[in-house]
Structures are given as C-alpha cells and as structure tokens.
Amino acid sequence: MLQAGDWAYSETLKEHFMNPKNILQGEDTDAFDGVGMEGNLQCGDQMMVVIKVDKEKEVITDCQWKTYGCASAIASTSILSEMVKGRTLDQAFHISPKEVAEALGGLPDHKIHCSVLGDKALRAAINNYYTRNGQEDKVKQEQVKVICQCMSITDHDIEDAVLEGARTYFELQERTKLGTVCGQCKDEAEVLLEKFKHIHFGV
Amino acid sequence: MKVYFDNNATTPLHPDVKKEMIAAMEMFGNPSSMHSYGREARANVENARRQVADFIGATEKEIVFVGSGSEANNTVLSLFVCGSSQCIPGSKMRSSIITTKIEHPCVLETSECLAHRGVRVKYLDVDQYGKIDLDQLAGMLGDDVGLVSIMMANNEIGTLQDIETIAEMVHASGALMHTDAVQAVGKVPVDVRSLGVDFLTISAHKIYGPKGIGALFVKKGVPYCPLIRGGHQELGRRAGTENTLGILGLAKAVEMRALEMPGEEDRLLELKNILRNGIENSIDDIHFNGHPTDSLASTLNVSFSGVEGEAILLYLDLEGIAVSTGSACASGSLDPSHVLLATGVDAELAHGSIRFSMGRQTTRQEVDYVLNVLPKIIERIRNMSTAYIKGGLHAASR
C-alpha cells in the first residue's frame, strides 16, 4: 500500500510555511517607509506588508509582513517578501498573484484566492510610501486586466458585477456579456467571481 | 510521537474487528444463494443483524444494512419525495420536514434538494452550546410536519440533544422521528425504545469498524421506501448484494463496544478535562465550543483567536498530531463551519477552531504531548498574525 501522500502543497510552499521568511517582529512599523494591509479576519485571510525603500533609487531594500491565514496564505506572503527585495517600486507594483503562485511551485485551485492578498497588500504599501513622500501623483490604482478579450471585460467589471449582485457565472454573463463569444475566459472569470464574492461578501 | 485525535472523522479498526474480517474474507458466498456457500453467508449476516439490533434495543427485522451513515440519512429524508402512487409513504406523508442548522451535510444538502422538489423544510436554530430550543420546535410542529430529523450527537462540537423528549413532542404532533446517531452510538448508551425514535442512523467506521457499512433502524410498521431498488435484499428495503465483510465487521465492532464502553466515558471525560484545563491555562484568547457538560466525552472543540485553523492543523501534523478544523481553508469552500456559525460564534473564531476527538486508544501521554506542543504552535502563528498587531493597525494604509 502507498504511504501517506505529501500535503496538497509543493515542497517550496511547505518550506515557506515551515520556515517563513521576514516576519515582522512586534507591532512597531515606524521604521518602515510604507505599510499596506488587505483582507479581513472574518473572511479568514488578512495580510500586512511593510517595506523599506532606498529613496534615491526607489528600490525596495526590505520587506516584512504579518499574515492571518492558512498555509498557502502564510507561504505566499513569505515568498513575496523575498521576491520584492531589490526590485524597484514600479517592478514590485506589477507582481501578479500568478507570479507568486508560480514561485511557490503552484497552488491547488481552491487555494488561489489565499495568495491574491499578498500582492494587493504590497501595492497598498507602495502607494502608502508614495503618499508619505509627497508623490501622490504616483499613487496607482489597481491594475486593470482584460479577462474577456471578445467583449473587453476587465477584472474591475467583474468586481462591479459582483458588487451589483451577480453571484453565479450565469448572472455574471447576464450583467457583463462576458464569455458570450468564444467562452475561453470562463475559468478565469469564475475564479475572479469567487474571489470577489469572498472579498466583498465573505461567501 | 504520533497522536490520532481525529476519531470523529474516522477510527482505526479494532484489532478484534480486523481478525473477524480477515476470517470473514474466506466466506465469499452470496447470502441469497440456496447452496451451502450462500447459507453460510446468510447465517453470518443474520447473526450480525441480531448483534446490531441487540446493541440498540431493536428487533432484527428493524435493522437495514446500508453503505454508510450518509446513505441511511438520505434514505430517510427521501421518503418524502416519491411521487409514485405505488409508494405508500410518498403519497401519504405530510409535506413538511423539520431539521436543524447543525446537521451533517448529508442531511442539510438532501433537505435543500427536497426543498427544490416541493417539500417545505424548516430549520431549527441552536443556542450558543449547540442545543436546539424545544419551544421553537413546539412552534414548528403541526399537522403539516411529516418528519423531524435531529442528530443525537454533533460531530464537530459533540453537543448531545435530548432525543427522548424531542421524540415525545414529535409523536404527539403526529410526525415521525429520525435521529442521526452516527456519533452517539457506541459512545453513549443508545436504546431505540427508550429514545422512542422511528429511524436511527449508525455508521461502523466511527466505532472502530470498517468503512462503507452502516445500518438504519426502521421501527416496525413505520412507512418506508427504499432509496436503492432492484433487489429483495434487506427484505426489499435496500437492493444490492450484502456487504458481508462489512456487516460482520460492524457486528464485531458493536460487540466490542458493548464490552469496552463501561468505564470508557469516565476515562475520556477525565482526559478531556485535562486537555481543556491545560489549554485554558497555557493559551490566552480562546473559546471553547459546544456544551460544557451535555457533550461527547471524547470531543473538545476550541477556537483560537487570531489564528487560522488550517495553519494550526498543518503545524500539528508536522509534530505528528492529527486533528480537524472548522476553518474554510481546510474544507475547500470559502465558508467556515456551519455548526459553529449556527452557535453564534464569530466567523474569525470559526476559522480558528480545532476539534480534538479522542478514542478508545487515547492515552494520558498523548494528551500531555498535545499540551506540550500546542501552546508553542499557537504562539508561533500569533507572532506572524495581523490579528495580533494592535498599534500597527493605525499605521496601515487603508
């Protein structure tokens, strides 16, 4: 008979869960140049990212974090904190959840949503840095990504549709007309649908 | 050290059950066959039926062997929706059922499905300890209600319901009473006559028997309709060649339970108190879930504020300790335990809940080991949790 299989997670993820890197010690964030926090305890995920910035080069020199969440949430913030060091603020701002998941050696489907908060918290920290340093003009809104190429529907459109009441893929299609041509975006749209339902309504 | 504290999920096979089943593997006859092979199997199946019946105070004909506790529960609930004029219960049953918000998903999802097929389903609330409110039940009962299904012991928090009183009320209103006793049978005394139930669900693998076998008690004379048709097995109440190996395993499991139950509850209760007090004395910001006294001696459910359950579960797994959690992340859904939410526990505490379920093999050394490991793990997770930064929250950018 087979022995116990490994966890549903990759070895890399397991390593970052067992030995998380760059945890913010204590409560003091004054020594950092930017602080960002996303998620909430009711949903089961909350992440805080703090950064130190070389102000001349606009390069992240240190990144620490705290996470309330499951193994993949802990590991994804841990690996993110390693990935951003040495990157410029602009490079770091464009790290996607997909990159984080890939660095972790992949995530089980139902765990993707656990890793999307880390990069959001990082972007919040970067925007926080710009605000603190009188560079409000550099504060960027969340990236917009086209999900349905045929109908030009973005992730923001999906988020809006969820906020307006869409709860199923069918309802999402009714509101946005997404996926009504080639249908190739269905999987990605469904992941986003679930993610926004979770973030906004805890369901 | 390896510690298995997840006995409400499933139990290890009792060594005597294993022996019985190994011997039974030689017996391959179909109990329906008339030759000697078949007669051997039939004799053993019927002997097993008598043992199971005796264990819960039923008669042999009142025991239907089924594939699982879930199948038994599905069978009972499905009595309602048969539209066939051939089917006596389907056409005569009243059209509403009552259940609770803390049932196993096999009852809740079947109830939901029935609701889509025209059955009116009413859900009882529970209090902070997981007990139903008898006044609310009284208010729901009426001449429209055909069946009430309430679990005897809750799998997540261990809370026991007063089935005897409930069954009396249900019968007074003219409805039938079902209890899912999967977590109760073999842990607390269960006698179908004193409970006064019409249907009762049993599962073997929760009591050191094999998986894939359960039994449904169907009181003589109550309406019944099979879920699985197409065979005369189980007196036409459950088609399919008997799982002889499983049936013999179940019978041996209840036989061993009858021998081992006396004294076990006191022993487990003592261990649970040591575990409970130990956690309380070594970890701050916790919340015990379930009834403080009216609960399974083997089950302790506790929520740790500011930590997520899957992380606790996996760190414990790395130390050789097996538990379960009510966290959403461990379930594959985005919702934490419906049982804990029904008791009014805050979602954050539901995400941070851990169920310790002990069993016949649990020792004091195991409890001590858990008490040694757990506080360090909670401290470690809290050290990295956003829930434990107070001053830091103000600096956050949102």
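Bear in mind these aren't lab numbers, they're just calculated from the coordinates by the rules spelled out. Computed from a predicted model, the values in this text were never measured in an experiment. Note that each Cβ is placed from the backbone with ideal geometry, even for glycine, and that neighbours are counted across all protein chains shown.
Applying 1/(1 + (r/R0)^6) with R0 = 41 Å to the Cβ-Cβ distance of B:K2 and B:D127, what FRET efficiency is obtained, to the nearest 0.05?
0.65
Divide the volume of the convex hull around the Cα atoms of segment B:263-391 by the residue count and you get 110 Å³ per residue. Cβ-Cβ distance of B:N30 and A:E188, R₀ of 60 Å, FRET efficiency by 1/(1 + (r/R0)^6): the value works out to about 0.70.
For segment B:76-180, give the share of DSSP beta bridges that are antiparallel, in percent and rounded to the nearest 5; count only bridges with both residues there.
Expressed as a percentage, antiparallel bridges in segment B:76-180 total about 15.
Between B:H232 and B:D346, what length comes free when the chain is fully extended (0.36 nm per residue of separation minus the Cα-Cα distance, one decimal in nm)? Here the answer is 36.1 nm.
Peptide packing: for B:132-139, B:241-248, A:29-36, the average count of neighbouring Cβ atoms within 10 Å per residue gives the ranking B:241-248, A:29-36, B:132-139, highest mean first.
For segment A:101-203, the set of GluC sites (Glu not before Pro) satisfying both a DSSP loop assignment and a count of at most 10 other C-beta atoms within 10 Å is given as A:E164.
Roughly speaking, what is the stretch gain from B:R50 to B:R380, that is 0.36 nm per residue apart minus the C-alpha to C-alpha distance, in nm to one decimal?
Gain in length upon complete extension: 113.5 nm.
Peptides B:275-282, B:196-203, ordered by how many other C-beta atoms sit within 10 Å of their residues on average, highest first, read B:196-203, B:275-282. Label separation (A:V139 vs B:K101): 4.0 nm, computed from points 7 Å beyond Cα along the C-beta direction. Residue ranges A:65-74, B:260-269, A:39-48 sort as A:65-74, A:39-48, B:260-269 when ordered by packing (mean number of other C-beta atoms within 10 Å per residue, highest first). In this simple spin-label approximation, A:A31 and B:A138 carry label points 7 Å from Cα along the Cα→Cβ vector, and these lie 6.5 nm apart.
Among the helices of chain B, those built from whole DSSP H runs whose Cα atoms reach 18 Å or more along their own axis and whose mean Kyte-Doolittle hydropathy is at least 0.0 are B:244-260. Rg/Rh, computed from the Cα trace of segment A:60-183 with Rh as the Kirkwood radius, has the value 1.02.
Counting Cβ atoms of other protein chains within 10 Å of each Cβ in B:377-386 and taking the mean gives 5. Inter-label distance, B:D266 to A:E56: 7.9 nm, where each label sits 7 Å from its Cα along the C-beta direction.
Of the trypsin sites (Lys or Arg not before Pro) found in segment B:170-257, those in coil by DSSP whose Cβ has at most 12 other Cβ atoms within 10 Å are B:K220, B:R229. Straightening the chain between B:A322 and B:D294 buys 7.6 nm, computed as 0.36 nm per residue apart minus the Cα-Cα spacing.
Can you give the FRET efficiency for B:S194 and A:N40, using 1/(1 + (r/R0)^6), R0 = 51 Å, r = Cβ-Cβ distance, to the nearest 0.05? Working from the Cβ atoms, E equals 0.60. Among the residues of B:312-319, the average count of other protein chain beta-carbon atoms within 10 Å of the residue beta-carbon is 3. Across peptide A:43-50, the average count of Cβ atoms from other chains found within 10 Å of a residue's Cβ is 6. Applying the criteria of a DSSP loop state and at most 11 other Cβ atoms within 10 Å to the GluC sites (Glu not before Pro) of segment A:44-99 yields A:E56.
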